[in-house]
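To keep things clear, I will list the structure first and then write my remarks on it.
Every number here is computed from the coordinates shown, using simple stated rules; none is lab data. What you are looking at is a predicted structure, and each value in this text was computed from that prediction instead of being measured. Cβ placement follows ideal geometry from the backbone for every residue including glycine, while neighbour counts extend to all protein chains displayed.
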Amino acid sequence: QTVFLSGATGFIAQHIIKQLLDSKKFKVIGSVRSEKKGNSLAKNFNSPDLSFVYVKDISLETAFDEAFKQYGSEIDYVVHTASPFHFDITDINKDLIIPAKIGSTGIFKASVKYAPNLKHFVVTSSYAAMNDFLKETDHNLHLNEQSWNEMSFDQALENPVFGYCYSKKIAEQTVWDLSKELNVKFGTTAVNPVYVFGPQCFDSSVTKVLNTSCEIVNKFVHINPETEVDESNKASYVDVRDVARAHIEPLLNSEKFNGKRLLMDGGRFGNQSIIDILNEIPQLKGKIPVGTSHRDDDIASQMAVIDNNETKKLLGFQFITLEKTVKDTALQILKVEGQL
Ligand code: NDP
């Protein structure tokens, strides 16, 4: 069975590749933007079951056509993870929204046109497609697998964070719309994670600045002990290994997961929760602030209520705890920096 995975160089994507290869059930064709990145991934995975194709810029609707013309008849599953997730941009529409929307359109249409044996399509969406961050602290708001972010295009252009949220909503919506319009025979699933933490798949990916979500933990590992712990950041976490698993389960059971949105949420956290956990690591003691210990213990009561019981029931496994995901992220950073 062969999986085509877009954005193979990504933080989440590498964990998906690892789990697919470890299962010994799948071959993977990963799309990357450059030869250099492909070569370094090939070296790290060192597997005859992993190959690469070059897809330079998903902002072009035809970007995936060449790869699918060449390999389409071999492809059993598509996992579309590629999408820009960073806020260091100049043009919200061009740098965030267009690649997300056109990327989804291009890979979905190429799948329909060139992959006649396709059984299932998984798109990496986001919690951002389900809720608008302005409503995160409204405890009266209840969110579940049916929720949609109602943000408008005009609002999205106000700042890069809004732009990113909108880009994920429109990219996922595009997939559901196309699956109906084109009346596809294969199954479709969206995976909607909150902030994803956890170790990089390979130590060599630990660089000074990490991918957007892990950078939250990285910043606290390197924070000055005199700094005040800012209370304003409140969100939700999930571990990357659970997110990777949620991308693979639908490939193993297409019927069960067809039409589903998997809301991957492990629970609420605030900055203080992260600081409390990091302070349990002996090598960090005294090097980072203590803040007000346990200040975030009842954080869930200050935030929108997330009910992802349907997702948990479908997946049937326990999610990794905040403590483990934060510790594993931090310990890998400290190891690479020679501090353990
Ligand atoms: P990364 O930044 O590590 O991965 C993003 C991937 O998308 C990379 O492979 C990147 O390629 C590729 N990509 C970005 N823009 C383009 C483009 N214009 N053309 C082609 N490829 C592109 O982030 P994550 O692994 O965290 O994110 C992966 C997916 O998960 C994204 O869809 C993101 O929106 C989603 N997500 C992530 C969450 C998180 O907390 N991490 C939470 C919810 C959803 P390259 O390496 O060449 O830049």
| Can you run phi through the Karplus equation (6.51, -1.76, 1.60; θ = phi - 60°) for region 142-153 and list ³J(HN,Hα) in whole Hz, with x for Gly and Pro? | 10, 10, 8, 5, 9, 6, 10, 5, 9, 4, 8, 4
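Based solely on its DSSP helices, what 222 nm [θ] is calculated for the chain when runs of n ≥ 4 H residues each add -39,500 (n - 2.57) and the sum is averaged over all residues, nearest 500 deg cm²/dmol? Provide the component values of the computation, followed by the final result.
Values: 12 runs with 128 residues, N = 340.
Helix-only estimate at 222 nm: -11500 deg cm²/dmol.
Once you keep just the Cα pairs under 8 angstrom separated by 6 or more residues, what percentage relative contact order results for the chain? The partial results should precede the final answer.
Values: 663 pairs, mean separation 61.1, N = 340.
Taking the mean separation of contacting Cα pairs over the length of the chain, I get 18 percent.
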| note | region 102-250: Kirkwood hydrodynamic radius (Cα pairs, Å) comes out at 17.6 Å
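Rg to Rh for region 150-213: what is it, with Cα atoms only and Rh by Kirkwood? Let's see the in-between values first.
Values: Rg = 16.2 Å, Rh = 14.7 Å.
That ratio is 1.10, to two decimals.
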| Kirkwood Rh in Å, taken over region 91-177 so that all alpha-carbon pairs contribute | 13.8 Å
| note | Expressed in angstrom and rounded, the centroid-to-centroid distance over alpha carbons for region 89-119 and region 1-76 is 15 Å
| query | Relative contact order, percent, of region 234-286 when contacts are C-alpha pairs under 8 Å separated by at least 6 residues? | reply | 49 percent
| field | Intensity falloff of region 226-340 expressed as log10 I(q)/I(0), Debye formula with alpha-carbon point scatterers, at q = 0.19 Å⁻¹ | value | -1.03
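Express in % the proportion of alpha carbon pairs of the chain at distances exceeding 33 Å. Don't skip to the end; give the middle numbers.
On the way: 14528 of 57630 pairs.
Pairs farther apart than 33 Å: 25 percent.
Cα convex hull of region 53-95: how many Å³ per residue? Before the final figure, lay out the partial values.
Working: hull volume 3.7 nm³, N = 43.
Spread over its residues, the Cα hull of region 53-95 gives 85 Å³ apiece.
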| field | Degrees between helix 11-22 axis and first principal axis of the chain (Cα, 0 to 90, nearest 10) | value | 60 degrees
| message | Between helix 98-114 and the chain, what is the angle of the helix's C-alpha long axis to the longest principal axis, kept within 0 to 90° and rounded to the nearest 10? | response | 40 degrees
| Positive dipole terminus of the chain, leading residue within I277, V238, W176 (C-beta point charges) | W176
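Would you mind checking K37/K69; K18/K109; K27/K56; K18/K119; K69/K312 for any pair whose Cα atoms are more than 29 angstrom apart?
Values: K37/K69 23 Å; K18/K109 27 Å; K27/K56 22 Å; K18/K119 21 Å; K69/K312 37 Å.
Those over the limit are K69/K312.
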| field | Most positive-pole-ward Cα, L331, I320, A300, against dipole of region 233-340 from beta carbon charges | value | L331
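Given all pairs of different Cα atoms, what value in angstroms does the Kirkwood hydrodynamic radius of region 30-71 take?
On the way: mean 1/r = 0.0910 Å⁻¹.
One over the average 1/r among Cα pairs gives 11.0 Å for region 30-71.
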| query | Given a cut-off of under 8 Å on Cα pairs at least six residues apart, what relative contact order in percent is computed for region 9-131? | reply | 26 percent
